[in-house]
Amino acid sequence: QPDDRGLIGAVPVLRVTRRGPEAVHFVPAALEPGAEVLLSLDWERRFDHMQQHSGQHLISAIAEQMFGFKTTSWELGRQRSVIELDTPLVTAEQVEALEKSVNEKIRDRVPVTVRELAADDPEIETVKSRGLPDDHVGPVRVVDIKGIDSNMCCGTHVSNLSDLQVIKLLGVEKGKKNKTNLIFLAGNRVLKSIEQSHNTEKALTSLLKNGPGEHIEAVKRLQSSVKLLQKNNLNLLRDIAVLIARDFKSKPAPKQLFVLHRKEGDSEFMNIIANEIGTEETLLFLTVGDEKEAGLFLLAGPVEAVENLGPRVAELLGGKGAGKRGRFQGKAAKMSRRGEVQALLQEFISHQNPGA
């Protein structure tokens, strides 16, 4: 269970941990030894942890009673909690029956009590436990849910199951080593989840212009439309790439360097241009994406030139890339430096052809 938070006087408690029998509090400022201070507990955090922890005890106990599923571990998460059950399969029907049963126990207002036993008390043998820490000292703490469960535990708990309000089992996921993870919410987390879902539903109703029952079909229609638009856009980009290349090749005396940037292009767009123009004699520097931030680049041309210039182009653009057979491409973080790359390539060509 996560540790508590709060204030010691006006000083916030950043963390609490246990060292043997002592609770060690981490604070950002020194406290005067022997000073009398007021302790303030973050009750919302504490009560949330109480609800989740007592909820876990209840779920684990009922799951074992109903189906023989033993709990091997659990995690109290920030948004949801997970119980690891020692079984490879939990059916939807079992989840539904388990949820119904635990909520019946909540409505029955079953008491939850805490007692302490001496370490050598023989009754300890009858209590569920995963063992005591090696540095444990003093009495052993046992949490009882009357008539349902008796478990060795050092966490904080509610005093009655009615304080849990409600438990919602969100379903199961495949765990490790033939185990199953059962996901749950307890108490106020259920209310917060409902509020969040309701707000999402209202937002979707406004955006999709229909009722909640029609949201799924509306989204499916939108997805189909987007796929069609993406397909049409890709075909248009391919056509544009071919036209750009043919226009360049139609010039009476094609230049040895071809530079092009297009914001909405992609890797395929650049490679089509390179294929159409041909890279045996022409050096191509192509970029797509945001003009001043991140994007993609392609350097294509004679193999020796690309091998020499490719890593330097990537460095100038603040990116990384790789190449083979006369092409070097990758991601760029500083597209605003395209001008510097163009100058580098122009200088290279000038040195290769001093009389040009």
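Compute the separation of the alpha-carbon centres of segment 1-34 and segment 164-197 and state it in Å as a whole number. Their Cα centres are 31 Å away from one another.
Against the chain, whose longest principal axis comes from its Cα atoms, helix 303-316 is set at around 50 degrees. Expressed in Å, the radius of gyration and Dmax of the Cα atoms of segment 83-165 are 15.4, 44.
Using the Cα centre of the chain as the reference point, and only Cβ charges (+1 on K/R, -1 on D/E), how large is the resulting charge dipole? Debye, rounded to the nearest 20. Before the final figure, lay out the partial values.
Details: 48 positive and 48 negative charges, 315 e Å.
For the chain, the charge dipole is close to 1520 debye.
In summary, the aspartates and glutamates within cross-link reach of Lys176, defined as a Cα separation below 13 angstrom excluding same-chain residues under 8 places away, comprise Glu84, Asp86. Helix 338-352 and the longest principal axis of the C-alpha atoms of the chain enclose an angle of approximately 40°.
Counting only protein heavy atoms and using a 1.4 Å probe, what share of the accessible area of the chain belongs to carbon plus sulfur, as a whole percent? Please report the intermediate quantities before stating the final value.
Details: 11260 of 21740 Å².
For the chain, the apolar C and S fraction of the accessible surface comes to 52 percent.
Rounded to the nearest 10 degrees, the angle from helix 43-67 to the longest Cα principal axis of the chain is 80 degrees.
Normalised by the number of residues in the chain, what is the relative contact order in percent for Cα pairs under 8 Å and 6+ residues apart? Spell out each step's value before the answer.
Values: 555 pairs, mean separation 37.1, N = 356.
The normalised contact order for the chain reaches 10 percent.
What the chain shows is 61 Å² of accessible area per residue, with the surface traced by a 1.4 Å probe over protein heavy atoms. Working ranking of peptides 216-222, 332-338 by packing, defined as the average number of other Cβ atoms within 10 Å per residue, highest first, is 332-338, 216-222. Measuring between alpha carbons in the structure, the pairs from Lys128/Lys177; Lys251/Lys334; Lys177/Lys202; Lys100/Lys192 lying more than 29 angstrom apart are Lys251/Lys334; Lys177/Lys202. Of all lysines in the structure, those lying under 28 Å Cα to Cα from Lys331, and not within fewer than 8 positions of it along the same chain, are Lys227, Lys231, Lys249, Lys255, Lys263, Lys292, Lys320.
The values are calculated or read from the model by the stated rules, or taken from the named source; none is laboratory data. Here the structure is a predicted model, which is why all the values come from computation and not from measurement. Cβ coordinates were reconstructed from backbone atoms using ideal geometry, including for glycine residues, and neighbour counts include every protein chain displayed. Note: areas computed on protein heavy atoms with side chains; ligands, DNA, RNA excluded. Shrake-Rupley method; radii C 1.70, N 1.55, O 1.52, S 1.80 Å.
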